[in-house]
Structures are given as C-alpha cells and as structure tokens.
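Read through the structure below, which is laid out as structure tokens, and then see the notes.
Bear in mind that the values in this text are calculations on the coordinates, not laboratory data. Quantities reported herein were computed from a predicted structural model and do not represent experimental measurements. Neighbour counts are summed over all protein chains in view; Cβ atoms, including those assigned to glycine, are modelled from backbone coordinates with ideal geometry.
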Amino acid sequence: MKNLWFIFLVFGLYSTPISQTPHPFFSSGSNIPTGLEEYTGKYTFTTSGSPITSFTITEKAGELFGEADSYGANKLIKQAEADKFVSTSSYGSTIIFVRHAETKKVTGLQLLIQGNTLEATKEN
C-alpha cells in the first residue's frame, strides 16, 4: 500500500483528476477548431449601388465577428436557422450565408439591413 501511495503522488494522480488534466494537443490558448472557420473571409458586394463594398468575417475565441468596410467589427449571434446570424451592430442586420448547391461550401452571403438585401461573393 505504501508503494501505491508513492506512485499516486509521483504521477500526480492524487492531486489532479484525469478528467481535469489538459490534453497536450489542446492546451489553453491553442487553436481548437470551432466549425466557424468556413464562414471567415472577405466578401465583396455584387449588388449595384451598394453602400458597402466589402464585409469581412473573422473568428475569435469561438465567436464570429463581421465588419462592413472599415466601420468596426460587431459580434454575430448564431440563430436557430442554418447559416443565419444577427449582428450586434446598431443597425440590427441579419447575415445569411450562401452555400454552393453541390459542394456545400460557403460561397457568399446576403446582408439584410434596413429593409434591403445586399448580396456578396466570398473572395477566399
């Protein structure tokens, strides 16, 4: 029994439960995939007369942010519908991501803002 106690102390099994031991590949601060990466990138508006030329989607700490031109990024809140997010901007815009019918990859977005629908194509 004395030897077993020594093994627990040496290997840290006594003080740190296995369920709380961080995995070496997923330590804090690492880039853990969130499933949001497919939305990130720069989108260029194709709607003629659009007041916005581009919309950039970024991901940080498991959350999406959207920035129209260079007006500042706003958090995007996931909605129940697939590929639909609402911006926390004062305009209250809705972003619906568009997918390619066959590949299911994100190819663009629709920005619903102040009663208008602006369409953009993903650059990268």
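What is the dipole size for the stretch 35-122, taken about its Cα centre, with +1 at each Lys and Arg Cβ and -1 at each Asp and Glu Cβ, in debye to the nearest 20?
Charge dipole, the stretch 35-122, about its Cα centre: 60 debye, nearest 20.
Among the lysines, which have Cα under 26 Å from the Cα of Lys84 when same-chain residues fewer than 8 positions away are ignored?
Straight-distance partners of Lys84: Lys42, Lys60, Lys75, Lys104, Lys105, Lys122.
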